[in-house]
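Just so it is clear, none of the values below were taken in a lab; they were calculated from the coordinates. Treat the numbers as computed from the prediction; the structure is a model and nothing was measured. As a convention, Cβ positions derive from the backbone with ideal geometry for all residues, glycine included, and neighbour counts pool all protein chains shown.
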Amino acid sequence: MFHLRTCATKLRPLTASQTVKTFSQNRPAAARTFGQIRCYTAPVAAEPFLSGTSSNYVEEMYYAWLENPKSVHKSWDIFFRNTNAGAPPGTAYQSPLPLSPGALSAVARAQPLVAAQPNVDKLVEDHLAVQSLIRAYQVRGHHIAKLDPLGISCVNFDDAPVTVSSNVGFYGLDESDLDKVFHLPTTTFIGGQESALPLREIIRRLEMAYCQHIGVEFMFINDLEQCQWIRQKFETPGVMQFTNEEKRTLLARLVRSTRFEEFLQRKWSSEKRFGLEGCEVLIPALKTIIDKSSENGVDYVIMGMPHRGRLNVLANVIRKELEQIFCQFDSKLEAADEGSGDVKYHLGMYHRRINRVTDRNITLSLVANPSHLEAADPVVMGKTKAEQFYCGDTEGKKVMSILLHGDAAFAGQGIVYETFHLSDLPSYTTHGTVHVVVNNQIGFTTDPRMARSSPYPTDVARVVNAPIFHVNSDDPEAVMYVCKVAAEWRSTFHKDVVVDLVCYRRNGHNEMDEPMFTQPLMYKQIRRQKPVLQKYAELLVSQGVVNQPEYEEEISKYDKICEEAFARSKDEKILHIKHWLDSPWPGFFTLDGQPRSMTCPSTGLTEDVLTHIGNVASSVPVENFTIHGGLSRILKTRGELVKNRTVDWALAEYMAFGSLLKEGIHIRLSGQDVERGTFSHRHHVLHDQNVDKKTCIPMNHLWPNQAPYTVCNSSLSEYGVLGFELGFAMASPNALVLWEAQFGDFHNTAQCIIDQFICPGQAKWVRQNGIVLLLPHGMEGMGPEHSSARPERFLQMCNDDPDVLPDLQEANFDICQLYDCNWVVVNCSTPGNFFHVLRRQILLPFRKPLIIFTPKSLLRHPEARTSFDEMLPGTHFQRVIPEDGPAAQSPENVKRLLFCTGKVYYDLTRERKARGMVEQVAITRIEQLSPFPFDLLLQEVQKYPNAELAWCQEEHKNQGYYDYVKPRLRTTISRAKPVWYAGRDPAAAPATGNKKTHLTELQRLLDTAFDLDAFKNFS
């Protein structure tokens, strides 16, 4: 509790004289009460510093002194002892002696001005105990709260017990002190309107506030205002009161939640549904959060959750039609839509309805989620951020997110931690999320003692100072109160908050599982546990809030609703997955009421647009802005490229982005170091060299009324950030959302998002998404973690058939191919083609994920340049770039046709020229690998009738593109010729870390590619 300041070269604690002066300046009043003691200010002749220091400092020091008088400076010890003993205002302070020889011992001998009364020491000690007692309840009261409805919690806090009335001796008090009256400090609200209470009543009220069915963790928060807000919500006497109408509403919601699960169990007892039994209170809890948030102005709530309770949430929170849910259990239901579909407890939903409590419109969206339980967390955050962005909600007052978690996943999945650390970042914050943990006190079969190292599953939330409200789920009113407070916290402070519903799972992991195998004692207790609906109904009947017939009528009314919906569900013969979209794009798929045509206009631009964008990209569009000297040279080089009507990679990207902004397309680029670019090529954010935090984004100065450009460096996270950007791209089709890996190799840390959302998203959930992944790739001797974006993995997951030649005569064959694929995989070898594929991504009449293997050395390669002529109106993205040199002039003389993709093309052309084989070897670049350009490659093969075919790649044989390309090339030519391989041998690692070995491997690759006899031994 020391406050240190620098004095010459020494650090020393502040004395009473120094702080009392500041306290006196900030608090003109003659006195302020700290608990029982009145601390008086005094005129002092102290050195003038610390002006503006908060008066809370004195209060905090006083509490530190109460706990340990030796923890403060000696002058403070004397000051507090004097005020405790009743010193008159202005006399409590004693000026310390100068720090001359012997001064320290003199200070040690200093005595209080006021002689202590016989009972002063006891009085001080008693107040110490009471103050410490109050603080102990605030800090650790949740340790002994009655949170577990089963009464078998095994949480071990490994610290001293909290004092209760039977153990007041722990703090030096005794039974005779229980009826003494003590004044209350300003950091507690247990007194209500009273400023002093007997110790017995103090303890009773503290136990009512902190040790019943609610346990509050908040004292780790370092903001006094926030701590005081929470104290007031839980300590104020009588604060948790509900009207009879609110109790009846709560009962009705519990009836719906409970009877829905019971109905499903009766009708489909052998089906998995991952029901809510044991945590039926979740439904009224969520509805309370939504009601309170709606009351505070929110009109759009985006939710993410695992499978447990999803059907119930869809039915009773989102209000999905019951017959649409029930028909999903029909095993004979046919799928009407494309794709494979997904199990019913993974599906999402979007619905706009009236909130009956607030009479306001509210939109609810539940994001579809795979069995990777917490994977949806960043996706929900990204979608929420996008919806806030598009409606101009800069403070999160209109759009919010609610995330549901299981206890084992919340503690065990690292993506939870990554998502929390996005919560306060400027370009990622959603201004507070309400997290609801369905704390089953068990994973699948693993109990908490084996599943986590922290006492609570929610401890990860402490990293962002989120308050955590633990609550016994068998006390519905306590749950409702906590949920109201959580919604108010989010509305007030726009920060994350956690509600921990401590419950149980009445069945096993699913309805077919037998939990007694591994948790016999827990499930013996569960079998004896009375359902929460029955408990609460009995309570309300005993209170006279409802009578038994009213309760039974409520049950029969909902049962009838379910039966009628069940009857209607039998009429459903076809499953329409499109009814389960969590992110509909109204108006996008039609034009003038008709489906959009399968065409794509030219992606080229007029020369004046290209020139204008180039000029802005090579300048600083704001005045009085000093840039780095090295950046000045880069901008000058860009300007020269524009004058020469040429673009490099960075300029091509700039022109693609700039032109889309002109057309009203919002662009968002994020990832680690994307503002500058990992390879110092992009520089989309300029930094003033003389003024901290002064930046300029020239891209936002291109056009009047242009769409905004967002470029943002991310946290050092791939999994969380890619999920966030995927969610952002879900919100609107009229945005280009890009995520760039620092090196392509690092995308494997985000493999879950790629495997579960991006690759199969449309097949599972009929959810199109146009996200773009920029993955720097290339074998350049940089070692195994900085070379390969693992193209083989993306290509292996493509859904085209290598053994089937499609109808090449189909109208708009290339666009139809794109529509049928699950994603597009490209490796551009020219800046111009990169420019075109980015623009095509938006101009297509549909959206597909785009995977781009971007270069490193080509960013500055002198041959990797594109003329404006290849970017003008009428030009398009080239799926295949054919040979255009001497070999193409005499195709019958060509002996070998090399196919390749990406950077290796420049190595091949250089070697071909050095060997004088420009007429004997043709090189064709495949720019779009998937969907495979069968039509264009067939033309290439037919053009060179006497050439043998070889695939050349710089990646190892068991990696890269070979296993994908070879069978498709063979299908293209009806297996008339073999397709040989020129490249590195198979290997476990993607690249060598030894430069000499790298060059040796490269030379061997080139030797094989241009040795015309190389494949004869394999004939």
What length, rounded to one decimal in nm, is gained on full extension from Gln232 through to Glu663, with 0.36 nm per residue of separation minus their alpha-carbon distance? 150.0 nm
Starting from the Cα of Lys267, draw a straight line to each of the aspartates and glutamates and keep only those under 14 Å, dropping any in the same chain fewer than 8 residues away. Glu323, Asp330, Glu511, Asp559, Glu563, Glu564
Any residue on another chain or 5+ positions along whose placed amide H is under 5 Å from the amide H of Trp823 is listed here as Asn799
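Output the peptides 460-473, 443-456 sorted from most to least packed, where packing is the average of other Cβ atoms within 10 Å over each peptide's residues.
460-473, 443-456
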Going by amide H atoms built from the backbone, whose H comes under 5 Å of the H on Ile667, apart from near neighbours? Thr710, Leu736
Which distance in nm do the two modelled labels at Ser270 and Asn958 give, with both placed 7 Å along the Cα-to-Cβ direction? 4.5 nm
Cut-off 14 Å, label point 7 angstrom out along Cα-to-Cβ of Asn690: give me the residues of region 604-645 whose amide nitrogen falls inside. 623-629
By average C-beta atoms within 10 angstrom, highest first, the peptides 252-261, 879-888: 252-261, 879-888
Region 856-898-region 599-617 distance, computed between alpha-carbon centres (Å): 21 Å
In nanometres, the difference between 0.36 nm per residue of separation and the alpha-carbon distance of Met219 and Thr492 is 96.5 nm
Between region 687-749 and region 201-272, what's the alpha-carbon centroid distance in Å? 40 Å
Pair Gln193, Gln939: separation of 7 Å Cα→Cβ label points (nm): 8.9 nm
Determine, for each peptide in 964-974, 862-872, 206-216, the mean count of other beta carbons within 10 angstrom over its residues, then list the peptides with the highest first. 206-216, 964-974, 862-872
Quick one: Kirkwood hydrodynamic radius for the chain, alpha-carbon pairs, angstrom, one decimal? 33.2 Å
What does a probe at Ser597 reach in region 844-884, counting residues whose amide N is under 16 Å from the point 7 Å along Cα→Cβ? 844-846
What list of ³J(HN,Hα) couplings, whole Hz, do you get for region 498-515 from phi and the Karplus terms 6.51, -1.76, 1.60, once you set θ to phi - 60° and write x for glycine and proline? 10, 10, 9, 7, 7, 9, 7, 10, 5, 9, x, 3, 9, 5, 8, 8, 10, x
Counting only DSSP beta bridges fully inside region 607-871, the antiparallel percentage to nearest 5 is 15 percent
Give me Ser732, Ser556, Ser670 sorted ascending by neighbouring Cβ count inside 10 Å, so fewest comes first. Ser556, Ser732, Ser670
³J(HN,Hα) across region 211-218 via Karplus (A = 6.51, B = -1.76, C = 1.60, θ = phi - 60°), whole Hz, x for Gly/Pro? 10, 9, 8, 10, x, 10, 10, 8
Estimated vicinal HN-Hα couplings, Hz - region 360-374 in sequence order (Karplus 6.51, -1.76, 1.60; Gly, Pro = x): 10, 5, 9, 9, 10, 10, 10, 6, 4, 9, x, 6, 6, 3, 9
Honestly region 177-267 on the Cα gyration tensor test (a ≥ b ≥ c root eigenvalues; a/c under 1.5 rounded, otherwise a/b vs b/c for prolate or oblate) is just prolate
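Quick check on region 607-871: what does the Kirkwood estimate of hydrodynamic radius come out to from the alpha carbon pairs, in Å? Mind dumping the intermediate values first?
Numbers: mean 1/r = 0.0519 Å⁻¹.
One decimal place: 19.3 Å for the Kirkwood radius.
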Mind checking the full-extension length gain between Asp424 and Gln548? Use 0.36 nm per residue of separation minus the Cα-Cα distance, one decimal, nm. 39.7 nm
At what distance in nm do the modelled label points of Gln889 and Ile354 sit from each other, each positioned 7 Å from its Cα along Cα→Cβ? 7.9 nm
Fewest-first sequence of Phe846, Phe835 by Cβ atoms within 10 Å of each Cβ: Phe846, Phe835
Around Asn355, which amide H atoms from residues at least 5 apart in sequence, or from another chain, sit under 5 Å from its own amide H, with H modelled in the peptide plane? Arg360, Asn361, Ile362
If Leu173, Leu631 are placed from fewest to most neighbouring beta carbons inside 10 Å, the sequence is Leu631, Leu173
